[in-house]
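Each value in this text was obtained by applying a stated rule to the coordinates, not by laboratory testing. Note that the coordinates shown come from a computational prediction; the quantities given were computed from them, not determined experimentally. Don't worry about glycine lacking a Cβ; one is built from the backbone with ideal geometry, like all the others, and counts go over all protein chains shown.
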Amino acid sequence: MPKKITNLKKTQSKKYAPNDKEKYMCAKHKKFFTNELLRWKRDIVKSNSLSNLLNSGDDNVSSADIVDQASSLTDKSVEMKSLNRSRKLISKIESALKRIKDGTYGYCEETGEPIGLKRLIARPIATLSIEAQERHERDEKVFIDD
């Protein structure tokens, strides 16, 4: 008879998550967000490198078929948009890492108030509190509607 597998929870280390009981943006919080941002950046770079590697073989392929050419052009356009979004995201991640170092990470750029742990866990590159973000989006909508 096979051995029973012991409870996996005992062997897995508990992953730290920032909480409101700790001082806001204490060393633990900063380390947590630094690790999350670096992991996110590494995943993006790895994903883009794999994508480039997989798609690099068809760069020199040209087809006489106009539909194939159009399809290839559309694919390249989508790839370029995706890479551009990734570059912008990496730039925002690097900016967040810089804010962690200079002590401004986790505080709203408009009000200076804490952004909040839940929001930062959901969106580690956030620069505005929920209230400031909602105000910004409302102002943007009003501007567009004019």
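Using label points projected 7 Å from each Cα along Cα→Cβ, tell me how many nm separate E110 and A70, to one decimal.
4.4 nm
Along segment 100-108, what does the Karplus equation 6.51 cos²θ - 1.76 cosθ + 1.60 (θ = phi - 60°) give for ³J(HN,Hα), rounded to whole Hz, x for Gly and Pro?
4, 5, 8, x, 9, 5, x, 10, 4
How big is the shadow of the Cα convex hull of segment 80-146, averaged over all directions, in nm²?
Mean shadow area of the hull around the Cα atoms is 5.6 nm².
Under the Karplus relation 6.51 cos²θ - 1.76 cosθ + 1.60, θ = phi - 60°, what is the ordered set of whole-Hz ³J(HN,Hα) values for segment 33-45, x standing for Gly and Pro?
5, 4, 4, 5, 5, 5, 5, 4, 4, 4, 5, 5, 4
If amide hydrogens are placed 1.01 Å from N in the peptide plane, which non-local residues have theirs closer than 5 Å to the one on Y107?
I115
Beyond 27 Å between alpha-carbons counts as too far, so tell me which of K41/K81; K15/K92; K81/K141; K76/K101; K28/K118 fall in that bin.
K76/K101
Given 0.36 nm per residue, what is the gain on full extension from K88 to D102 after removing their alpha carbon distance, in nm?
2.9 nm
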